[in-house]
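Down below is the structure, laid out as structure tokens.
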Amino acid sequence: FEPMTESVIHTLESAGEMKQRINGCVMVESPEALENAVARLREKHQEFHSDTYDVRTMKIVNDGTVESVSACTYEPFGDGTLVEQPMAYGQNFYDACVAAAKAGFDIHIHGIGDKTIHENLMAAKAVREAGCYDTRFINAHTQLVKPEDMPLLGKYNVLANLSSIWFYCAPDVTRILGEERVNRQYQVVSIMKEGGRITLGSDMPFDEMGDEPLKGVQMAVTRQLFSDPEAESLAEDF
């Protein structure tokens, strides 16, 4: 949160008027920010660590989106664009995640493309092999997962967070991904069959429908744009 927001939280807490619990985070959006992420998280956690506002998560934005042709995938998009690597990858990335876990913090990583999700799973592997079994490790959005990576979500206890407000057949996404990959999006059933766990997120405030969770619930069930009952449904996953 911005300092002004944190000031409001402090005021509400002091007055006993804080009516919800908030799990705060330190954002990592560049390799440079990853280098001191744990130190920044320690500092924030010391300042904000109460029953209602607890800063205890390292959040890494590790690629972009399909719509902006900035997700990191193994195969090029329809226009030939290929994002070679996610924002963070390799041993430095894994070590940063292990350091955060050993310090007692949770890890939340934005991962949409299949190459990014693979790297995130390798970071989770490093965390679990370091003995950090209680760390909550989340892959946010989880749009495209390689079939061979599907079992790793359960094996390394990675919570697959999916944005169900995106569960619909979008012409732009079909054009960018192509028919084969567009039918491998948001494979909820496959993840669960392979032992993974699922949660749904609103992506608020970044998505325009993020503040309307019931629409997300509807689209999770129908895999169809809520406002158009005649719209084509996103391929189901059995």
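The values are calculated or read from the model by the stated rules, or taken from the named source; none is laboratory data. Just so it is clear, the structure is predicted and the values come from calculations on it, not from any experiment. No Cβ is skipped: glycine too gets one built from the backbone with ideal geometry, and neighbour counts run over all protein chains shown. To get the accessible areas, we keep the full protein, side chains included, count just its heavy atoms, and leave off ligands, DNA and RNA. Shrake-Rupley method; radii C 1.70, N 1.55, O 1.52, S 1.80 Å.
Between residue 179 and residue 74, the contour length at 0.36 nm per residue exceeds the alpha carbon distance by 36.2 nm.
Using the alpha-carbon centroid of each, what span in Å lies between the stretch 103-140 and the stretch 145-219? Answer, in whole Å: 17. 3J(HN,Hα) along the stretch 71-83: 6, 9, 10, 6, 9, x, 6, x, 8, x, 5, 9, 7 Hz, from the Karplus curve 6.51 cos²θ - 1.76 cosθ + 1.60 with θ = phi - 60°, whole Hz, x for Gly and Pro.
For the options 161, 183, 139, a Gaussian network treatment of the chain with springs between C-alpha atoms closer than 10 Å singles out 183 as fluctuating the most.
For the chain, adding -39500 (n - 2.57) for each run of n ≥ 4 DSSP H residues and dividing by the number of residues yields -10500 deg cm²/dmol at 222 nm.
For the options 180, 29, 194, a Gaussian network treatment of the chain with springs between C-alpha atoms closer than 10 Å singles out 180 as fluctuating the most. Taking amide H positions as modeled 1.01 Å from N, with prolines and chain starts lacking one, the residues under 5 Å from residue 169 and 5 or more places away or on another chain are 225, 234. For the chain, the solvent-accessible area with a 1.4 angstrom probe is 52 square angstrom per residue. The string of couplings for the stretch 140-147 from the Karplus curve (6.51, -1.76, 1.60, θ = phi - 60°) is 7, 5, 6, 7, 10, 10, 4, x Hz, one whole number per residue in order, with x for Gly and Pro. Over the chain, the alpha carbon radius of gyration divided by the compact-protein estimate 2.2 N^0.38 Å works out to 1.05. Heavy-atom accessible surface of residue 12, to the nearest 10 Å², is about 60 Å², with a 1.4 Å probe and all protein chains retained. Structural descriptor for the chain: relative contact order 15 percent, calculated from alpha carbon pairs under 8 angstrom and at least 6 residues apart.
Close amide H pairs (under 5 Å, H built 1.01 Å from N) link residue 200 with 162, residues at least 5 positions away or on another chain. Comparing 20, 187, 143 in a Gaussian network model of the chain, where Cα atoms under 10 Å apart are tied by springs, the biggest mean-square fluctuation is seen for 20. With N the number of residues in the stretch 112-176, Rg(Cα) / (2.2 N^0.38 Å) evaluates to 1.24.
Charged neighbours of residue 46, selected by a Cβ distance under 15 Å, balance to 0 (K, R count +1; D, E count -1). Basic side chains Lys and Arg get +1 at the Cβ, acidic Asp and Glu get -1 at the Cβ, and with that the dipole of the chain about its Cα centre reaches some 880 debye. Relative to the first principal axis of the alpha-carbon coordinates of the chain, what is the inclination of helix 114-129, with its axis defined by its Cα atoms, in degrees from 0 to 90 and to the nearest 10? Between helix and principal axis, roughly 40 degrees. Taking the Cα atoms only, what angle lies between the long axis of helix 90-102 and the longest principal axis of the chain, rounded to 10 degrees? Result, in degrees: 50. Subtracting the Cα-Cα distance of residue 192 and residue 102 from their residue separation scaled by 0.36 nm leaves 29.6 nm. Within the accessible surface of the chain, defined with a 1.4 Å probe on protein heavy atoms only, the carbon and sulfur portion equals 51 percent. The overall shape of the stretch 14-148, judged from the alpha-carbon gyration tensor, is prolate: a/c is not under 1.5, and a/b is greater than b/c. The C-alpha atoms of the chain define a longest principal axis, and helix 37-47 lies at about 50 degrees to it.
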